[in-house]
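Visitor: Following this message is one structure expressed as structure tokens.
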Amino acid sequence: MKEWAIALGISLLAFFAPIHALLLSVFILLLIDVGVEIAATFKKKEVVLSKSLRTFVVKLIMYEIALISAFLVSHFMMNDVFPIENLIATVCGLIELKSILENLDQMSGEPIFKSIIRTLKKKERDIAPPK
């Protein structure tokens, strides 16, 4: 029985090997999002709720199921003509990137890109020789 379970596990890992990078990328983006969200919560001196961790688990399960389903549809129904799983991973990644940027905005108190541009302009003025 144990050998059968190990063989099944290895077979599943081998079958989903083509999308392991997508699954891992979405997982890492989710981890970064939760980390930045917790840091923003600490910065606001609020209590970290289990809601954010519960949201992480739900998002992880939903994103991974969506990616696996898209892979199955692409592989078996479309004969790999169009890699839907890449499109799904891109959408999931953009959603998480937006969430990360929103949390960074909360931490800095202003849009993060605006502060980066202001800092770069200040550095440019400091480096540029006087005219």
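No value in this document is a laboratory result; all are computed from the given coordinates. Since the model is a prediction, treat every value here as computed from it, not as a measurement. Here the Cβ positions follow ideal geometry from the backbone for every residue, glycine too, while neighbour counts run over all protein chains shown.
Visitor: Among the listed pairs LYS98/LYS121; LYS43/LYS114; LYS45/LYS122; LYS45/LYS114, which are separated by more than 22 Å between their Cα atoms?
Guide: Checking Cα-Cα distances, LYS98/LYS121; LYS45/LYS122; LYS45/LYS114 exceed 22 Å.
Visitor: Now a separate question. How big is the gap, in Å, between the Cα center of segment 26-51 and the Cα center of segment 63-94?
Guide: So the separation of the two Cα centres works out to 28 Å.
Visitor: Same structure, new question: How are the alpha carbon pair distances in segment 19-95 distributed across 10 Å bins from zero to the largest one, expressed in percent?
Guide: 19, 42, 24, 12, 4, 0
Visitor: Now a separate question. Can you give the charge dipole size of segment 1-103 about its Cα centre, rounded to the nearest 20 debye, using +1 on the beta carbon of Lys and Arg and -1 on the beta carbon of Asp and Glu?
Guide: Working: 8 positive and 9 negative charges, 93 e Å.
Value, rounded to 20: 440 debye.
Visitor: Same structure, new question: Rg to Rh ratio, the chain, alpha-carbon atoms and Kirkwood radius?
Guide: Here Rg/Rh amounts to 1.17.
Visitor: Show me the helices of the chain, taken as full DSSP H stretches, that run 24 Å or more along their long axis by Cα and average -0.5 or above in Kyte-Doolittle hydropathy. Please list the in-between numbers first.
Guide: Numbers: long enough: 20-43 (34 Å, 1.83); 50-72 (33 Å, 1.22); 84-108 (36 Å, 0.65).
Those that pass (Cα extent of 24 Å or more, hydropathy at least -0.5) are 20-43, 50-72, 84-108.
Visitor: Order by neighbour count: THR41, THR119, fewest other Cβ atoms within 10 Å first, most last. Write out the running numbers ahead of the final one.
Guide: Details: THR41 17, THR119 10.
Fewest to most other Cβ atoms nearby, the residues stand as THR119, THR41.
Visitor: Follow-up question, since we're still on this one. Tell me the Kirkwood radius of segment 1-59: reciprocal of the mean inverse pair distance over distinct alpha-carbon atoms, in Å.
Guide: With all distinct Cα pairs of segment 1-59 included, I get 14.0 Å.
Visitor: Still on this model: Excluding residues on the same chain fewer than 8 positions from LYS59, give the aspartates and glutamates whose Cα lies under 16 Å from its Cα.
Guide: Partners found: ASP33, GLU37, GLU96.
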